[in-house]
Amino acid sequence: MNYMKKIIILSLLMLTVGVVFSQQLPHFSQYYLNDYLINPAVAGSRPYFEGKSAHRYQWEGITDAPRTYTLSVNGPTKNQKMGLGGYVFTDNVGPTRRTGANLSYAYHVKVSDKLKLGMGISAGVIQFMIDGSKITLRESDDDIITNGVQSVLLPDAGFGLYLYHEKYYVGFSAPQLLNSRVTFFKDGRNPEGTLPSHFFFNGGYKFKLAEDFVLEPSVFVKYISPVPVQFEGTLRLIYQDKVWLSGTYRDKDAITASIGYLINNYFTVAYGFDFTTTNLRNYSNGTHELMVGVRFYQYANKKSAPSIN
């Protein structure tokens, strides 16, 4: 058992150091609660400014497994035709760390009385770091990885579209469009890579089951070349626009159970747990995800905004 665990940990570290540049952006199972992180056009689509903090502790029980933290804020301008937002994140995996900051702008137009289209752009920076002191090398004079900390700062940009109605929504976004090249060292062999473009699609629909209950199915599809398309689907049951239970299936990865509560229409708390469906379940105790949010400024008379997200 211990021998196999060491092999898995070593493989994860090799994967991280060798191809971290082609990895996906930070992922959250409760994507439907913080959709601004995946689409800048969401900014301003709801009648309030809101800040959210998300924490993901992946593959508990495995040393140096991914740990991801985000903090975001977004909301509409006074005329509710434009949206502004920004977020920061840090993603730690063993001896590597990715830290990023992003700002966005969105413009919203009426398609019909209850249907609107948001168009958003975003720009920011991403910093990659490798701490060589945390890596034990077979050859101490390796040219690629030293005992010091190596880092590189890169630009980032993206865009998104968000079509939304009080009953449904559809979004498409494409972050990391610049395909910035990652180069750590000036001398010696250099593990170069690029930040690949991501393509996200998500959508959902709200079915009213009874006076107090709403059933919301949603989907999230991701494509990052050359990785195969990843699909996940969620079914969420909402009670009185305040409490919800949900289940998510992520293809060839995990099943997530989540619960959340909107307190006094201002504070949101949600917790999700991933049950790993791959062979990693033999060595991991699952994945924990916590999200908290607060609405700190609200405009009136905007019925097209979803009540819970």
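Each value in this text was obtained by applying a stated rule to the coordinates, not by laboratory testing. These figures come from a predicted structure and were not determined experimentally. Cβ placement follows ideal geometry from the backbone for every residue including glycine, while neighbour counts extend to all protein chains displayed.
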Next item on the list: Mind giving me the nanometre distance, one decimal, between the label points for Tyr299 and Leu177, set 7 Å out from Cα along Cα→Cβ?
Entry: 2.4 nm
Margin query: Sort Glu60, Glu50 by Cβ crowding within 10 Å, fewest neighbours at the top.
Written below: Glu60, Glu50
Next item on the list: Set the Förster radius R0 to 41 Å, insert the Cβ-Cβ distance between Ala101 and Asp251 as r into 1/(1 + (r/R0)^6), and round the FRET efficiency to 0.05.
Entry: 0.85
Margin query: I'd like the distance between the alpha-carbon centres of region 32-53 and region 85-117, rounded to an integer number of Å.
Written below: 7 Å
Checklist line | Rounded Å value of the spacing that divides the Cα centres of region 150-177 and region 195-259 | finding: 17 Å
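If each residue's Cβ is checked for other Cβ atoms within 10 Å, how do Glu289, Glu166, Glu211 rank with the fewest at the top? Before the final figure, lay out each step's value.
On the way: Glu289 22, Glu166 13, Glu211 6.
Placing the least packed residue first, the sequence is Glu211, Glu166, Glu289.
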Checklist line | Nearest-0.05 FRET efficiency for Lys78 and Asn279, computed from C-beta distance (R0 51 Å) | finding: 0.45
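Would you mind checking Lys110/Lys208; Lys52/Lys116; Lys206/Lys242; Lys78/Lys206 for any pair whose Cα atoms are more than 21 angstrom apart? Mind dumping the intermediate values first?
Numbers: Lys110/Lys208 24 Å; Lys52/Lys116 24 Å; Lys206/Lys242 15 Å; Lys78/Lys206 28 Å.
Violating the 21 Å Cα-Cα cut-off are Lys110/Lys208; Lys52/Lys116; Lys78/Lys206.
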Margin query: I want to check the label-to-label distance for Lys242 and Val292. Put each point 7 Å from Cα in the C-beta direction and report it in nm to one decimal.
Written below: 2.1 nm
Check: Can you sort Arg236, Arg67, Arg250 so the residue with the fewest Cβ neighbours within 10 Å comes first?
Finding: Arg67, Arg250, Arg236
